[in-house]
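Just below is one structure, and these are the notes that go with it.
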Amino acid sequence: MKEAIIDIKSISKAYGATQVLKSCSTRVAKGEVVIVCGPSGSGKSTLVKCVNALEPFQSGDIVLDGVSLTDPKTNLPMLRARVGMVFQSFELFPHLRVLDNLCLAQEKVLGRTRSEAEVKGFKLLDRVGLAEHAQKHPGQLSGGQQQRVAIARALAMDPIIMLFDEPTSALDPEMVNEVLDVMVALAKDGMTMMVVTHEMGFAHKVADRVIFMDKGEIVEDATKEEFFGTPRSARAQQFLSKILQY
Amino acid sequence: MFSNLDFDVIWRSLPYLFFEGMRFTLLLTALATAGGIVLGTLIAMMRLSSVPILPWLAVGYSNIMRSLPLVLVIFLFYFLIPYVGQWAIGASRPIAVGAFNSVLVTFTLFEAAYFSEIMRAGIQSIPRGQVAAGSALGLTYWQSMHYVILPQAFRNMLPVLLTQTIVLFQDTSLVYVLSITDFLGAASKVAQRDGRLVELYLFTAAVYFVISLGLSQLTKRLEALTAIIR
């Protein structure tokens with residue numbers, strides 16, 4: 001396997017007595033697209049949020065592009081700036097126009113000038129097909145459009161990795177595809193992606209690997225072909241048969 | 001019944017009432033509101049902080065301030081601040097603060113307790129995901145607060161903040177206990193000098209009413225203007 005850009009080393013996390021992650025380990029190579037799936041409460045969202053330290057974990061370590069998250073010398077805000085994150089509920093800043101949503105962190109975190117940030121912002125809005133909405137507020141856009149803006153906002157930071165936490169779960173069915181199209185294009189461009197999703201069609205299309213989680217553990221970590229062909233664990237077989245039933 | 005009232009006295013004392021009295025009232029209201037909101041926001045941030053002790057300090061502060069009558073606090077500070085100043089700069093005797101500075105500090109500190117509760121509610125009204133989104137983009141705590149959370153919290157709370165400002169505007173009349181010439185104080189002085197108590201107090205009441213009502217109408221307008229499109 002190529003050198004890992006995300007190296008998750010047996011991380012564990014508990015909320016009080018509830019163990020949400022049990023010694024999870026996996027590696028993601030540069031350019032790889034990894035799907036994380038599993039039943040709700042399995043810890044898949046938590047795992048992905050640990051990767052950019054949005055969720056603290058109690059033991060283990062995660063190394064991003066050679067930088068350890070647990071090293072006290074690590075500048076977490078600067079590290080997070082290089083990791084794009086897309087949330088289930090979009091989390092655009094409602095008081096800012098779409099273009100300002102894309103420019104804010106470019107200016108304040110990366111120190112780009114306003115005009116540099118705008119050029120980049122327009123380029124990315126164009127890429128997700130929303131350039132004409134630059135001056136609108138997020139509330140004036142549909143859910144699918146908002147999620148595409150959120151992807152563009154993350155891309156504006158020139159991330160080395162993109163994390164997606166159920167990016168299509170909050171969308172009306174007819175808006176799912178426009179978001180997945182953007183993600184497929186991103187994967188084809190060679191972006192390293194970790195995606196929590198139940199969109200198995202999307203997984204089929206772009207995944208290199210599938211991680212299946214249950215009760216805080218990584219039960220299966222297999223190539224797409226293996227996972228969809230012959231999942232080894234009974235739990236994954238059961239999950240797949242349910243999710244692919246309709 | 002009103003035949004022996006002389007409203008001409010008001011006309012004659014208008015410059016004094018407004019250029020002396022109202023100027024003071026508006027200046028104190030504006031400065032104490034600005035200072036109170038800034039300080040109140042900081043206290044609200046302490047209240048919601050995960051750093052130990054800070055929330056405890058914030059709660060203690062606003063509980064103490066909100067448990068004391070304002071008149072008492074005005075007196076207390078007027079007599080206390082010179083000594084605190086002396087202690088702070090190590091002077092040999094109590095420093096001269098002046099009535100205006102004393103009441104400005106008093107109102108700022110007192111109102112900060114109320115503004116902090118408003119801003120706390122405002123900050124808590126912003127979904128936690130907004131903080132996560134700011135962090136995920138690499139914003140620091142202060143940047144997230146400055147550019148993401150506080151602008152939204154402030155807009156959500158604008159009507160309540162303005163309502164509190166109207167209350168503050170009326171409360172500034174309590175400075176009469178220090179014989180300061182605010183609007184009400186100026187009216188009192190004219191009233192007693194000319195023996196025209198009813199005329200002056202009626203007029204004063206009318207002015208307070210008009211300004212307070214005007215501000216509350218403005219609040220409604222602003223509410224519609226600044227609403228965040230969701």
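Once you list every other residue whose beta carbon is under 14 Å from the beta carbon of residue B:111, what net charge do they have if Lys and Arg are +1 and Asp and Glu are -1? Can you show the working numbers first?
Values: positive: B:66; negative: B:117, B:171.
Computed value for this residue: -1.
Using the Cα coordinates of the protein assembly as shown, the gyration tensor eigenvalues translate into equivalent-ellipsoid semi-axes of 60, 25, 19 Å, sorted from longest to shortest.
Chain A and chain B together bury an accessible surface of about 1800 square angstrom, both sides counted, with a 1.4 Å probe and no ligands or nucleic acids included.
Restricting the calculation to Cα atoms, segment A:137-215 shows an Rg/Rh of 0.96 when the hydrodynamic-style radius is the Kirkwood one. The rule of thumb for compact globular proteins, 2.2 N^0.38 Å, goes into the C-alpha radius of gyration of segment B:57-129 1.39 times.
Placing +1 on the Cβ of every Lys and Arg and -1 on the Cβ of every Asp and Glu, with no other charges, gives segment B:13-126 a dipole of roughly 140 debye about its Cα centre. Return the carbon/sulfur percentage of the accessible area of segment B:139-230, one whole number, probe 1.4 Å, all protein chains in place. Carbon with sulfur: 67 percent of the solvent-accessible area. Here segment B:72-140 and segment A:47-126 have alpha carbon centers that stand 34 Å from each other. Amide H contacts of residue A:55 (H built 1.01 Å from N, in plane; Pro and chain starts excluded): A:50 sit under 5 Å, all sequence-distant by 5 or more or on other chains. Got the relative contact order for segment A:136-215 handy, in percent, Cα pairs under 8 Å and 6 or more residues apart? Relative contact order here is 33 percent.
In this structure, the amide hydrogen of residue A:20, modeled 1.01 Å from its nitrogen in the peptide plane, lies closer than 5 angstrom to those of A:13, A:14, A:15, counting only residues at least 5 positions away or on a different chain. Considering only Cα atoms, the convex hull volume of chain B works out to 160 Å³ per residue.
Neighbours of residue B:194, meaning other residues whose beta-carbon lies under 14 angstrom from its beta-carbon, give a summed charge of +1 when Lys and Arg score +1 and Asp and Glu score -1. Between A:90, A:212, A:202, the GNM of chain A built on Cα springs shorter than 10 angstrom shows A:202 fluctuating the most. Note on chain A: with neighbouring protein chains present and a 1.4 Å probe, carbon and sulfur make up 49 percent of its accessible heavy-atom surface.
Among B:206, B:91, B:153, which one shows the biggest mean-square fluctuation in a GNM of chain B, springs joining Cα atoms closer than 10 Å? Ranking B:206, B:91, B:153 by mean-square fluctuation puts B:91 first.
Between the alpha-carbon centres of segment A:181-216 and segment B:17-41 there is a gap of 58 Å. For the protein assembly as shown, a simple Cβ point-charge model (Lys and Arg +1, Asp and Glu -1, everything else neutral) yields a dipole of about 460 debye relative to the Cα centre.
GNM remark for chain A: springs join alpha carbons under 10 Å apart, and the peak mean-square fluctuation among A:18, A:74, A:26 falls on A:18. Counting only Cα atoms, the size of segment A:193-246 along its three principal axes is 25, 24, 18 Å, in decreasing order. Extension gain for the segment residue B:101 to residue B:16, taken as residue separation times 0.36 nm less the Cα-Cα distance, is 28.5 nm to one decimal. Shielding by partners for peptide B:139-146, expressed as the average number of C-beta atoms from other protein chains within 10 Å of each residue's C-beta, is 3.
Backbone amide hydrogens, once placed in the peptide plane, bring residue A:161 within less than 5 Å of A:84, excluding anything fewer than 5 places away on its chain.
Comparing B:140, B:5, B:99 along the charge dipole axis of segment B:1-159, the residue lying farthest to the positive side is B:140, per the Cβ-charge model.
Charge tally around residue A:161: other residues with Cβ under 12 Å, Lys/Arg +1 each, Asp/Glu -1 each, net -1. Considering only A:95, A:201, B:126, whose Cα is most displaced toward the positive end of the charge dipole of the protein assembly as shown, charges sitting on Cβ of Lys, Arg (+1) and Asp, Glu (-1)? Looking along the dipole axis, the top candidate is B:126.
Accessible surface for the protein assembly as shown, divided over its residues, is 48 Å² per residue with a 1.4 Å probe. Treating r as the C-beta distance of residue A:14 and residue B:141 and R0 as 22 Å, the FRET efficiency rounds to 0.35. Its Cα centre serving as origin, chain B has a Cβ charge dipole (Lys and Arg +1, Asp and Glu -1) of approximately 560 debye. Restricting everything to alpha-carbon atoms, can you work out Rg to Rh for chain A with a Kirkwood hydrodynamic radius? Using Cα coordinates only, the ratio equals 0.97. Quotient of the Cα radius of gyration of segment B:64-175 and 2.2 N^0.38 Å, N being its number of residues: 1.40.
Maximal additional length on extending the residue B:72-residue B:225 stretch stands at 51.2 nm, based on 0.36 nm per residue less the C-alpha distance.
The modelled label-to-label distance between residue B:125 and residue A:113, using points 7 Å beyond Cα along the C-beta direction, is 3.9 nm.
The values are calculated or read from the model by the stated rules, or taken from the named source; none is laboratory data. Please read all numbers here as calculations on a predicted model, not as lab measurements. All Cβ positions, glycine included, derive from the backbone under ideal geometry; neighbour counts span all protein chains shown. Surface areas here come from the heavy atoms of the whole protein model, side chains and all, with no ligands, DNA or RNA. Shrake-Rupley method; radii C 1.70, N 1.55, O 1.52, S 1.80 Å.
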